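Notes to accompany the following structure.
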Amino acid sequence: TDTPVTVLGLGLMGRALAGAFLKAGHPTTVWNRTPSKADQLVAEGARLAPTVGDALRAGSLTVVCLTDYQAVHELLGAADSELGGTMVVNLTSGDSTQARDTARWAEQRGARYLDGAIMAIPSTIGTVEAVILHSGPRADFETHEATLGALGTVDYLGADPGLASLYDVAGLAMMWSVLNAWLQGTALVRTAGVDAATYAPFARRIAAAVAEWLPGYAEQIDNGSFPAEVSALETDVRAMAHLVEESEAVGVNAELPKLIKAMADRAIAAGHGGEQYPVLIEEFSKPTEG
Ligand code: NDP
């Protein structure tokens, strides 16, 4: 806890990160483009660095949390010559290409670089509830794991610096798909006068049950073999047609049901009707047509 750390960027998230380091007892240096955002942290014991270069030299690691990667490049680009020998942990949200490019850019300037993604809101930072993903050189993560642990539950995904961003967006795909499926069902049952709160426990049970299937289905994907142990895709597609027809019959939006069915129809047209649901990975792994 006596490891000195630096936080660059004191927006809503950056302030939470710096606050968690302080609370854990780390000597904490901060810097922000708008210096007044450091006032509260300084009152709590943080040191406000006069320049980015000073901030980079103060900590044994520097956590960066800005709006986007463009801001990161503007800020660190201006302090280009001061990056040598630093350890940068970039927790700014972005895509995997930006993460890989920024890793290369930082390494060319003599910095060590880990990329991260924060799967949490500011109020949970510093608790186990805040999951923070990291990717980049394993040795660097291991050296700084205990220090980064002050921020929440830290996960290491692998050496490719793009992995944290990829998991970040993959998690969003899961989140929105579950929420949209729940909204579709809620719209359906409301046509029969059932309110959302009455339907929610049922929806939750289905979501939890389906989540249990993932490890077994993942094995089929990794083995590239999809024996229909539970049901064949052509059976599922008949149920998908019910979902489309029911949605249209009761007058709710049928776009999502139609999309679900269209992908399965393509898989069947490609000859996969007798295989199990995860064979759809082949449709998901192709670029969008048209
Ligand atoms: P804010 O808008 O509150 O803060 C943005 C920060 O970036 C400020 O410190 C701002 O400085 C700084 N900044 C922007 N552009 C520049 C620039 N060109 N040069 C220097 N500094 C710049 O955003 P958040 O703190 O909420 O988010 C930060 C990152 O954390 C984002 O990538 C976001 O996606 C991610 N994140 C946020 C979550 C949240 O719940 N808030 C959840 C998960 C991830 P200034 O104060 O001077 O404007």
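The values are calculated or read from the model by the stated rules, or taken from the named source; none is laboratory data. No experiment lies behind these values; they were computed from the predicted model shown. Cβ sites come from the backbone with ideal geometry, for glycine too, and all protein chains shown count toward neighbours.
Answer with yes or no whether Arg104 is over 22 Å from Thr1 (Cβ atoms) and more than 16 Å from the ligand (Cβ to nearest atom).
yes
Which residues, counting only those in segment 132-155, are among the hydroxyl-bearing types (Ser, Thr, Tyr), buried (at least 22 other Cβ atoms within 10 Å of the Cβ) and not in a helix (DSSP H, G or I)?
Selection gives Ser135 alone.
Checking the condition in a loop (DSSP other than H, G, I, E, B) and surrounded by 12 or more Cβ atoms within 10 Å (Cβ to Cβ), which residue from Ala192, Ala264, Ala228, Ala241 passes?
When all the criteria are applied, what remains is Ala228.
Of these, Pro35, Pro50, which one is within 13 Å of the ligand (Cβ to nearest atom), of a type outside the set (Ser, Thr, Tyr), more than 28 Å from Asp168 (Cα to Cα) and over 28 Å from the mean Cα position of the chain (by Cα)?
After applying the criteria, what remains is Pro35.
Which of the residues that make up segment 1-31 are within 15 Å of the ligand (Cβ to nearest atom) and either without any contact (Cβ under 8 Å) to a residue 24 or more places away in the chain or surrounded by fewer than 19 Cβ atoms within 10 Å (Cβ to Cβ) (or both)?
Gly11, Leu12
Need the failing condition index for Ala99 against (1) in the same structural domain as Leu75 (by TED's automatic domain parsing); (2) aliphatic (A, V, I, L, M); (3) touching a residue at least 24 places away in the same chain (Cβ under 8 Å); (4) out of contact with any Asp or Glu (no Cβ under 7 Å at 6 or more places or on another chain), just the number.
Single failed check for Ala99: (4).
In segment 116-132, which residues are closer than 26 Å to Arg57 by Cβ, within 12 Å of the ligand (Cβ to nearest atom) and not hydrophobic (A, V, I, L, M, F, W, C)?
Correct list: Gly116 only.
Pairs, please: C-beta under 9 Å, at least 6 apart or cross-chain, first residue hydroxyl-bearing (Ser, Thr, Tyr) and in segment 114-136, second near the ligand (Cβ under 9 Å from one of its atoms) and in a helix (DSSP H, G or I)?
Ser123/Ala16; Thr124/Ala16
Restricting attention to segment 68-77, does a residue exist that is under 24 Å from the mean Cα position of the chain (by Cα), more than 16 Å from the ligand (Cβ to nearest atom) and not hydroxyl-bearing (Ser, Thr, Tyr)?
No, the conditions are met nowhere in segment 68-77.
Every residue, every condition in (1) buried (at least 21 other Cβ atoms within 10 Å of the Cβ); (2) touching a strand residue (DSSP E or B) at 6+ places or on another chain (Cβ under 6 Å), yes or no:
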| residue | (1), (2) |
| --- | --- |
| Val88 | yes, yes |
| Ala106 | yes, yes |
| Arg112 | no, yes |
| Ala130 | yes, no |
| Ala173 | no, no |
